[in-house]
Amino acid sequence: AQKITQTQPGMFVQEKEAVTLDCTYDTSDQSYGLFWYKQPSSGEMIFLIYQGSYDEQNATEGRYSLNFQKARKSANLVISASQLGDSAMYFCAMRPIKAAGNKLTFGGGTRVLVKP
Amino acid sequence: KAGVTQTPRYLIKTRGQQVTLSCSPISGHRSVSWYQQTPGQGLQFLFEYFSETQRNKGNFPGRFSGRQFSNSRSEMNVSTLELGDSALYLCASSARTGDNEQYFGPGTRLTVT
């Protein structure tokens with residue numbers, strides 16, 4: 001079984017500053033994928049970034065980067081140069097790769113509010 | 001390319017009734033997954049369908065069921081609705097099962113009174 005923990009229920013960030021969202025996970029699988037999704041108030045989940053457990057380099061996608069520390073079982077999301085449109089809920093998720101399938105296990109989420 | 005569409009967007013039902021929600025995946029996508037999102041339990045996986053076959057199932061009672069049609073459109077059904085079934089139901093599609101990127105629809109908000 002997998003478990004994702006996001007310890008920050010909510011946070012404020014100043015526009016144009018960077019913010020780090022914490023995510024720790026627990027799994028007995030050797031091969032797994034880690035994901036971050038953004039959920040604006042409209043409800044739709046937007047895929048941001050993916051990191052495979054065997055990827056040696058941290059994933060980056062534009063202003064998003066994933067700080068992957070396998071030994072500590074953490075996969076923190078860093079958003080650089082925050083914009084007002086970044087205000088949303090952010091979810092960390094994972095799934096085992098070996099079992100295939102699309103079943104994602106999600107954390108409880110972190111609400112981010114960007115202040116002008 | 002059109003995104004994932006879900007109908008209806010909002011629904012109000014009474015306890016004991018049943019409900020059917022629909023999800024049309026992105027054209028060419030063959031995998032559809034369903035999730036339930038509630039304030040108390042968060043996001044929970046319901047099931048995944050791939051090429052009309054249920055591939056994975058979450059830990060939900062048998063009142064929750066689904067199916068997928070030959071055009072990859074999927075429906076989920078909840079029978080004998082309970083107040084606790086009030087939630088945002090999200091569906092996600094991907095080209096194949098096991099893809100890293102899943103595209104989510106806007107969800108159907110179900111309220112059970």
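Just the residues that are within 13 Å of A:Arg63 (Cα to Cα), exposed (fewer than 14 other Cβ atoms within 10 Å of the Cβ) and of a type in the set (A, V, I, L, M, F, W, C), please, taken from region A:8-26. A:Ala18 - this is the single residue of region A:8-26 that is within 13 Å of A:Arg63 (Cα to Cα), exposed (fewer than 14 other Cβ atoms within 10 Å of the Cβ) and of a type in the set (A, V, I, L, M, F, W, C). Can you tell me which residue is nearest to the other protein chains (Cβ to nearest Cβ) among those in region A:95-116 that are more than 19 Å from A:Gly52 (Cα to Cα) and crowded, with 17+ Cβ neighbours inside 10 Å? It comes out as A:Gly109.
Look at A:Glu56 and say whether it is within 10 Å of another protein chain (Cβ to nearest Cβ) and modelled with pLDDT under 95.
Working: within 10 Å of another protein chain (Cβ to nearest Cβ): no; modelled with pLDDT under 95: yes.
It is false that A:Glu56 is within 10 Å of another protein chain (Cβ to nearest Cβ) and modelled with pLDDT under 95.
Would you be able to say whether some residue in region B:55-65 is surrounded by 13 or more Cβ atoms within 10 Å (Cβ to Cβ) and in contact with a Gly (Cβ under 6 Å, 6 or more places away or on another chain)? Quick ask: steps written out before the conclusion?
Residues of region B:55-65 that are surrounded by 13 or more Cβ atoms within 10 Å (Cβ to Cβ), as a first pass: B:55-58, B:60, B:63-65.
Restricting the remaining residues to those that are in contact with a Gly (Cβ under 6 Å, 6 or more places away or on another chain) gives B:55-56.
Yes, because at least one residue in region B:55-65 is surrounded by 13 or more Cβ atoms within 10 Å (Cβ to Cβ) and in contact with a Gly (Cβ under 6 Å, 6 or more places away or on another chain).
All of (1) within 14 Å of chain B (Cβ to nearest Cβ); (2) without any contact (Cβ under 8 Å) to a residue 24 or more places away in the chain; (3) buried (at least 19 other Cβ atoms within 10 Å of the Cβ) hold for A:Cys92 with one exception: (2).
How about region A:5-21: which of its residues are in contact (Cβ under 8 Å) with a residue 60 or more places away in the chain and not in a loop (DSSP other than H, G, I, E, B)?
Going residue by residue through region A:5-21, those that are in contact (Cβ under 8 Å) with a residue 60 or more places away in the chain are A:5-6, A:8-19, A:21.
A:Thr5, A:Gly10, A:Met11, A:Phe12, A:Val13, A:Gln14, A:Val19, A:Leu21 - these are the residues of region A:5-21 that are in contact (Cβ under 8 Å) with a residue 60 or more places away in the chain and not in a loop (DSSP other than H, G, I, E, B).
Applying the selection to region B:88-102, what residues are more than 7 Å from chain A (Cβ to nearest Cβ) and either closer than 9 Å to A:Gly43 by Cβ or of a type in the set (Ser, Thr, Tyr) (or both)? Passing the criteria: B:Tyr89, B:Ser93.
Suppose the filter is among the hydrophobic types (A, V, I, L, M, F, W, C), crowded, with 16+ Cβ neighbours inside 10 Å and over 28 Å from A:Tyr90 (Cα atoms); does B:Leu81 pass it?
Against the criterion (among the hydrophobic types (A, V, I, L, M, F, W, C), crowded, with 16+ Cβ neighbours inside 10 Å and over 28 Å from A:Tyr90 (Cα atoms)), B:Leu81 qualifies.
Counting only residues that are outside any strand (DSSP E or B) and modelled with pLDDT under 95, which one in region B:86-104 is surrounded by the fewest Cβ atoms within 10 Å (Cβ to Cβ)?
Kept after step one, since they are outside any strand (DSSP E or B), are these residues of region B:86-104: B:86, B:95-102.
Those still in the list that are modelled with pLDDT under 95 too: B:95-102.
Numbers: B:Ala95: 15, B:Arg96: 12, B:Thr97: 20, B:Gly98: 17, B:Asp99: 14, B:Asn100: 15, B:Glu101: 10, B:Gln102: 25.
Restricting to residues being outside any strand (DSSP E or B) and modelled with pLDDT under 95, the top hit is B:Glu101.
It is to be established whether one or more residues within region B:23-39 are surrounded by fewer than 17 Cβ atoms within 10 Å (Cβ to Cβ), over 24 Å from A:Leu48 (Cα atoms) and without any contact (Cβ under 8 Å) to a residue 60 or more places away in the chain. Within region B:23-39, not a single residue is surrounded by fewer than 17 Cβ atoms within 10 Å (Cβ to Cβ), over 24 Å from A:Leu48 (Cα atoms) and without any contact (Cβ under 8 Å) to a residue 60 or more places away in the chain. Out of everything in region B:31-47 that is at pLDDT 95 or above and more than 10 Å from every other protein chain (Cβ to nearest Cβ), what residue ends up being nearest to A:Ser41 (Cα to Cα)? Applying the filter and picking the extreme gives B:Thr38.
So that you can scan it fast, the table gives a plain yes or no per residue for (1) under 24 Å from B:Ala92 (Cα atoms); (2) aliphatic (A, V, I, L, M); (3) more than 14 Å from chain B (Cβ to nearest Cβ); (4) out of contact with any His (no Cβ under 6 Å at 6 or more places or on another chain):
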| site | (1), (2), (3), (4) |
| --- | --- |
| A:Ser41 | yes, no, no, yes |
| A:Phe47 | yes, no, no, yes |
| A:Gly52 | yes, no, no, yes |
| A:Thr60 | yes, no, yes, yes |
| A:Leu66 | yes, yes, no, yes |
| A:Gln69 | no, no, yes, yes |
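When the residues of region B:5-41 are narrowed to those that are within 16 Å of the chain's Cα centre (by Cα) and of a type in the set (Val, Ile, Thr), which ends up nearest to A:Lys3 (Cα to Cα)? Among those that are within 16 Å of the chain's Cα centre (by Cα) and of a type in the set (Val, Ile, Thr), it is B:Thr38.
The values are calculated or read from the model by the stated rules, or taken from the named source; none is laboratory data. Since the structure is predicted, the reported quantities are computational estimates derived from the model, not experimental observations. Cβ coordinates were reconstructed from backbone atoms using ideal geometry, including for glycine residues, and neighbour counts include every protein chain displayed.
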